[in-house]
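The values are calculated or read from the model by the stated rules, or taken from the named source; none is laboratory data. Just so it is clear, the structure is predicted and the values come from calculations on it, not from any experiment. Here the Cβ is made from the backbone with ideal geometry for all residues, glycine too, and neighbour counts use every protein chain on show. Just the protein is used for accessible areas: all its heavy atoms, side chains included, with ligands, DNA and RNA removed. Shrake-Rupley method; radii C 1.70, N 1.55, O 1.52, S 1.80 Å.
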Amino acid sequence: MNKSLALIGRWSSKYNWVERSQAYDDEMDKKAILENEKKRREMVKRHANASSMFQAKVIERLNTLKPEELSPNDLIKWFTEAVKIERISRGESTDISEVTHSGEVKEKHEYNIFQRVEQYADLYKQLANRGIPPSIDEGDDN
């Protein structure tokens, strides 16, 4: 663009480029989240429809099934699956697990709120290394 970094820095400050680009990124993230949620709802609806059709076929077959046609292993397997389905339907766990606690719980946050400040500090250092003062004033746009 044949413009000095100082001028570009002043324009950036004057026109809020950092904030505007962050707002744009936030808007794009929001749109992606909304699109994923829409696709998730469509998927849930498809799965529910397919599941209902499959359940109807299974029930139809169960109504014609004679118990003597099932082996003891078949009975155990079908009973186990029926119990799992009922537990899942009622929001219960299908696994047996043990939870133990042996001390203090500490909360750890992975997000560093000062990361953006550090990025700008690095940018200012690069500008200073090029002989451009790190402070940006609203002076003349040359």
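Some points to look at:
- Cross-link table LYS39/LYS84; LYS31/LYS57; LYS38/LYS84; LYS14/LYS38, entries beyond 31 Å C-alpha to C-alpha: LYS31/LYS57; LYS14/LYS38
- Accessible surface, per residue, of the range 47-111 when the full set of protein chains is kept, probe 1.4 Å, Å²: 102 Å²
- Neighbour cut-off at most 16 other Cβ (10 Å), DSSP loop, trypsin sites (Lys or Arg not before Pro), the range 1-61: LYS3
- Normalised Debye scattering of the range 16-72 at q = 0.18, 0.20, 0.22, 0.31 Å⁻¹ gives log10 I(q)/I(0) of -0.76, -0.81, -0.86, -1.07, counting only Cα atoms as equal scatterers and leaving out solvent.
- For the range 68-84, 3J(HN,Hα) per residue [Karplus equation, 6.51 cos²θ - 1.76 cosθ + 1.60, θ = phi - 60°, Hz, x = Gly/Pro]: 5, 7, 9, 7, x, 5, 4, 4, 5, 4, 5, 4, 4, 5, 5, 5, 4
- In sequence order, calculated HN-Hα J values of the range 38-47 (Karplus, 6.51, -1.76, 1.60; Hz; x Gly/Pro): 4, 5, 5, 4, 4, 4, 4, 5, 4, 5
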